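Here is the structure we will look at, set down as C-alpha cells.
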Amino acid sequence: ADTFDSMFDYATAFNLQPLPKGDSILIITNAGGPGTMAADAVEKSGMQVVVLERNVSTALRAQLPSAASIANPVDVLGDAGPDRYVAALKAAQQDDSVDAIIVLLTPQAMTQPRETALAIIENLDGSKPVLASFMGGKDVMPGRHELAEGGLPDYESPERAVAALKAMYQYAVWRERPP
C-alpha cells in the first residue's frame, strides 16, 4: 500500500472477501458515468472488464428493462430497486468468466440504498469477491451502514474499490508462484 488509506482499504477487502481467481471484473451500476469511471479504473489497473457469457447475458436481458445495459458495466438504470441489483449480482456470481464484482450505487429519486444493500448482502454466495461503492454522502449512509454490518467492503469511490481488488489479485497471483 502506498498510503495509509490504501492500507485500510486493502485490509478491509482481504479480511471480508475471498481472493479472486483471476482478473476479470464485472461492474454493476445504476449510473452510466460512475460505471464508465470504474471500467476505466479496471483497465488502467491492468485487470480486465469481462464480457458476460452469452447464456448469462440472455438470462439477464429477460430480467432487466429493455433500456438497461447488459454489457459491462451492467447498468440497471437510475430507477433500479433492489430486485435489479440482485438479478445482476446473481447472474455475475453464476458466470464462470467473472472473477470479481464491483457494485456501484448513486442516489437518485427512486434509489433505496438501505434496501438495496440488504438485498445484496442476502444474495452473496461467497464464490467470488464483491466490493461496493455507494456514493452520495448522507443519502446513501443507511445503505453503507448495512454493508458494513453485513461484512461487505464499501468504498467512497469506484477507484478505491478497484485498487483493493487489484491488491487482492496481485496477492492471489503471488500465492500461486512456485516455492
Check: Do the conditions hold for Thr106, that is, is it over 25 Å from Lys166 (Cβ atoms) and surrounded by fewer than 24 Cβ atoms within 10 Å (Cβ to Cβ)?
Finding: no
Checklist line | Test for Ala132: is it under 21 Å from Pro18 (Cβ atoms), among the aliphatic types (A, V, I, L, M) and either at pLDDT below 95 or outside any helix (DSSP H, G or I) (or both) | finding: yes
Check: Can you name every residue in the stretch 34-63 that is in contact with a helix residue (DSSP H, G or I) (Cβ under 6 Å, 6 or more places away or on another chain), at pLDDT below 95 and either under 30 Å from Val173 (Cα atoms) or surrounded by 19 or more Cβ atoms within 10 Å (Cβ to Cβ) (or both)?
Finding: Val56, Leu60
Checklist line | Residue list for the stretch 123-156, restricted to those being within 23 Å of Thr36 (Cβ to Cβ), touching a residue at least 60 places away in the same chain (Cβ under 8 Å) and open to solvent by 30 Å² or more (accessible area, probe 1.4 Å) | finding: Met135
Check: Counting only residues that are more than 15 Å from the chain's Cα centre (by Cα) and of a type outside the set (Asp, Glu), how many does the stretch 98-147 have?
Finding: 14
Item checked: Residue list for the stretch 18-58, filter: β-branched (Val, Ile, Thr) and farther than 15 Å from Pro158 by Cα -> Val50, Val51, Val56, Thr58
Checklist line | Scope the stretch 146-165; condition assigned to a helix (DSSP H, G or I) and closer than 18 Å to Val42 by Cβ; matching residues | finding: Pro158, Glu159, Arg160, Ala161, Val162, Ala163, Ala164, Leu165
Check: Which pairs do you get when a residue that is farther than 18 Å from Gly150 by Cα and of a type in the set (D, E, K, R), found in the stretch 1-14, comes within reach of a residue that is at pLDDT 95 or above and in a helix (DSSP H, G or I), reach meaning Cβ atoms under 8 angstrom, with the pair 6+ apart or on two chains?
Finding: Asp5/Arg160
Next item on the list: From (1) among the aliphatic types (A, V, I, L, M); (2) assigned to a helix (DSSP H, G or I); (3) in contact with a strand residue (DSSP E or B) (Cβ under 6 Å, 6 or more places away or on another chain); (4) without any contact (Cβ under 8 Å) to a residue 40 or more places away in the chain, pick out the condition that doesn't hold for Val173.
Entry: (3)
Next item on the list: Filter the stretch 157-179 for residues that are open to solvent by 70 Å² or more (accessible area, probe 1.4 Å), in contact with a helix residue (DSSP H, G or I) (Cβ under 8 Å, 6 or more places away or on another chain) and basic (Lys, Arg) and give the result.
Entry: Arg160
Item checked: Boolean, Val76 is under 15 Å from Ile25 (Cα atoms) and open to solvent by less than 20 Å² (accessible area, probe 1.4 Å) -> no
Notebook entry, point to check: Ala91 passes all but one of (1) within 14 Å of Leu26 (Cβ to Cβ); (2) assigned to a loop (DSSP other than H, G, I, E, B); which number fails?
Noted result: (2)
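The values are calculated or read from the model by the stated rules, or taken from the named source; none is laboratory data. These numbers were taken from a predicted model, which means no experiment stands behind them. All Cβ positions, glycine included, derive from the backbone under ideal geometry; neighbour counts span all protein chains shown. Accessible surface is based on the protein model in full, side chains and every heavy atom, while ligands, DNA and RNA are left aside. Shrake-Rupley method; radii C 1.70, N 1.55, O 1.52, S 1.80 Å.
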